Structure formats: structure tokens, C-alpha cells
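Just below is one structure, and these are the notes that go with it.
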Amino acid sequence: MLDKINHLVEEVKELAASSAEEAEQLRIKYLSKKGQVSQLFDEFKTIPNEQKREVGKYLNILKTQALDKINELKASFENDTHGEVGTDLTLPGSVAELGSRHPLSIVRNEIVEIFARLGFNVADGPEIEDDHHVFEALNFPPEHPARDMQDTFFIATNPDVLLRTHTSSVQVRVMEKQKPPVRAIFPGRVFRNEAISARAHCIFHQVEGLYIDENVSFADLKQTLLYFAKEMFGADTKIRLRPSYFPFTEPSAEMDISCTLCGGKGCNVCKYTGWVEILGCGMVDPAVLESSDIDSKAYTGFAFGMGIERITMLKYQIKDIRLFFENDKRFLDQFKSAQI
Ligand code: DAH
């Protein structure tokens, strides 16, 4: 056994490595559990007791030498520059890559800017709401389907604590605090208990608009929305208003714009109609004004609400709403040039 030890002592002295990986290989070869030195320690257990003193001494010397040698080899690679020139302190630093705004933020900011030019300011309200602000004060009859568990996320067991299903709730919040004239938009996140698909998500964003003053008319609504559509989608954009129903507006309408892709000629985005729907709107129902203590004989108003995802998908021809929530850098990087 002493021979074997001596042989290894000589071998270890000559060890050389040309990289940190090679040094690590040497450590495994000699010092790991199954390594050659460790094997000698196993063998040591089997030799007669009277030899143990001497052999043990040399075995320990071997172990220490192997450890020192291999550590020395490893250390020599730690600050290694692999043959390159050492650090040049005059080189320019590496530039941190700039991030980009999320497409939904870009479009939200653009909507806010467009309406700011018409004198609309911005307000917001809570995402966790109560029945009064989301439904009751907006003239939803108690049996209205939108109150159904299907659409609304309720929090805990209290049916009066829920996630807002639309930003129309902010209309009520604002009317409670501010007396007319009111001219504001409310961007925010909304929640609906819907199956997630390419076209729908359970979390999305809306912008609500509200204008209340003396003599506000449907013509004001139409002109405001026409201005918005042209600013957002280009000067050639046309709009049309179709009669519709919302509990909180009377009359109510849905607004279409001429298709952003084909310009009205017909394509698969507009399903060959030439038009795509972008928002709901109408004249604020007098009952809604009265429930917030605004005199509906003195004041009239209009309101509208649109989905930011929808506007963004049309503007940038994005086919799947789920892309907005995946944070795939390859998707987000495409909006670097569109910062606002
Ligand atoms: N709150 C409606 C929705 O989520 C959108 C809407 C329609 C808002 C008409 C309005 C409006 O202010 O007047 O579908």
C-alpha cells in the first residue's frame, strides 16, 4: 500500500490542467468519493493494525498534497481572461437595454391624450367594488343578466363585494363627488368570469367617458366620438352609430368604425361588412343622474365605454388577446418605436 501511496504522491506533483474544467476533472479523479485517494482510504481500513500508524501518516500527506495541488490549479483559472487582453478600463460600458411600454399602456395614453385635447380630465375608482356602484346606481334591474354569477367575480361570501365588470362604476363614483359640469374619462382594469380565448379574457381594460352639463346633446356625443375615431385610426376613418341597449343610457348606441384593415371594402377582420364595432355609448339615463343627486331637468349628459384591448388589436392588427398577458419579450419588443 505504501508503494501505491508513493506512486500517487509523485503523480499528484506533476498534475497540470489547461482550464478550470480540467482542474475539476482532476478533483473528481483523485478526491471525489470514488476517486483514487478516497479508494486508498477505504483500503486503509483493511490493513493490519500495526501498519496503520505509518500508512495513515503517508495517506494524510497524499491527501493534503492532492488537495493543495488541485486547489492551486483551480485558483489559477479564477481570474483567467482566456488569453484575451486584460480589462480595458477605457472601453465604453455595456449599455443597459431599454425596455418598452406595454401596447395597452401606449394605447391608453393615446386615448387619454386625445380626450385631453377636448378638455376631458382623468379619474379613477376602485377595482374591488360594491353592487351599488357597478349595478344598482347604473339602473340595472335586480334580475339583469349581467348581475349573474356567470359574469361577475364575487369576493369571499359577501355578495356585495365584487370585482367591477366595467369602468361605468367610476361614473357613479365621480358623480357622487363632483357636481356638473363633469367632463372626464376613466381608464381601468375590469374583470369578468369568462372563458379565456383568442377573443376574450377574464381580465381586460376599458376607458369610460362621461360628459354632463347643461344642454349636452346626442350631436355632441357623435362629434366627440368622430373626433376620437379620426385621431386614433386616421383622418379617413368613418363612424356609424347603431341603436342598442344599455341600462344606464337612453337612447343607447354602439359605434362602428370603417374597417381599419380594408378601409370599408370588406375583409375577414370586418367579416366582409366594412365596419367593426369599437364602443358602446348613449345619453345618460335621467334615473342614473337622479340616483347620484344630479337634477336631470337641469342637466343632460353622454357616456361611452370602450375596451382598450379591442382598440389595440384593431390598431396593431393583433389576432389574439392572450398575447397582452403573456409578457413574451418578442411580442413586447415590437412596440419599442411606438412609445407615448
Ligand atoms: N359598460 C359597457 C360595457 O362594459 C360599455 C358602455 C356602454 C359604457 C355604453 C357606457 C355606455 O358608458 O354609455 O359593455
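The values are calculated or read from the model by the stated rules, or taken from the named source; none is laboratory data. Not measured: the values here are computed from a predicted model. Counting neighbours? That spans all protein chains shown, and the Cβs are built from the backbone with ideal geometry, glycine included. Remember, those area values only see protein heavy atoms, side chains included, never the ligands or the DNA or RNA. Shrake-Rupley method; radii C 1.70, N 1.55, O 1.52, S 1.80 Å.
With respect to the stated conditions, residue 117 is out of contact with any helix residue (DSSP H, G or I) (no Cβ under 6 Å at 6 or more places or on another chain) and open to solvent by 40 Å² or more (accessible area, probe 1.4 Å). Of all residues in the stretch 177-189, exactly one satisfies the criterion of being within 13 Å of the ligand (Cβ to nearest atom) and open to solvent by 70 Å² or more (accessible area, probe 1.4 Å), namely 189. Residues considered: 170, 174, 95. Of these, the only one that is more than 27 Å from the chain's Cα centre (by Cα) and either free of Cβ contacts under 8 Å to residues at least 24 places away in the same chain or within 13 Å of the ligand (Cβ to nearest atom) (or both) is 174.
Scanning the stretch 108-153 for residues that are more than 21 Å from residue 285 (Cβ to Cβ) and in a helix (DSSP H, G or I) returns 108, 109, 110, 111, 112, 113, 114, 115, 116. Annotation note: Cβ proximity below 9 Å between a residue of the stretch 312-340 that is closer than 24 Å to residue 276 by Cα and in contact (Cβ under 8 Å) with a residue 24 or more places away in the chain and a residue that is open to solvent by 100 Å² or more (accessible area, probe 1.4 Å) and not in a loop (DSSP other than H, G, I, E, B) (sequence gap 6+ or interchain) occurs for 316/334. Residue 123 meets the stated requirement of being surrounded by 19 or more Cβ atoms within 10 Å (Cβ to Cβ) and either over 27 Å from the mean Cα position of the chain (by Cα) or within 23 Å of residue 211 (Cβ to Cβ) (or both). Residue 139: farther than 17 Å from residue 124 by Cβ and in contact with an Asp or Glu (Cβ under 7 Å, 6 or more places away or on another chain), yes or no? It is true that residue 139 is farther than 17 Å from residue 124 by Cβ and in contact with an Asp or Glu (Cβ under 7 Å, 6 or more places away or on another chain).
Residue by residue through the stretch 195-222, note down the ones that are part of a strand (DSSP E or B), surrounded by fewer than 19 Cβ atoms within 10 Å (Cβ to Cβ) and not β-branched (Val, Ile, Thr). Within the stretch 195-222, just 213 meets the criteria. Being closer than 19 Å to residue 201 by Cα and free of Cβ contacts under 8 Å to residues at least 40 places away in the same chain is the filter; apply it to the stretch 147-167 and report the residue that is surrounded by the most Cβ atoms within 10 Å (Cβ to Cβ). Ranking the qualifying residues of the stretch 147-167, first place goes to 164. Being more than 14 Å from the ligand (Cβ to nearest atom) and over 25 Å from residue 120 (Cβ atoms) is a property that residue 319 has.
Just for the stretch 237-264: of the residues that are touching a residue at least 24 places away in the same chain (Cβ under 8 Å), buried (at least 18 other Cβ atoms within 10 Å of the Cβ) and in a loop (DSSP other than H, G, I, E, B), which one is nearest to the ligand (Cβ to nearest atom)? Among those that are touching a residue at least 24 places away in the same chain (Cβ under 8 Å), buried (at least 18 other Cβ atoms within 10 Å of the Cβ) and in a loop (DSSP other than H, G, I, E, B), it is 248. If we scan the stretch 265-285, do we find a residue that is open to solvent by 40 Å² or more (accessible area, probe 1.4 Å), more than 16 Å from the ligand (Cβ to nearest atom) and touching a Phe, Trp or Tyr at 6+ places or on another chain (Cβ under 6 Å)? So far as the stretch 265-285 goes, no, none of its residues is open to solvent by 40 Å² or more (accessible area, probe 1.4 Å), more than 16 Å from the ligand (Cβ to nearest atom) and touching a Phe, Trp or Tyr at 6+ places or on another chain (Cβ under 6 Å).
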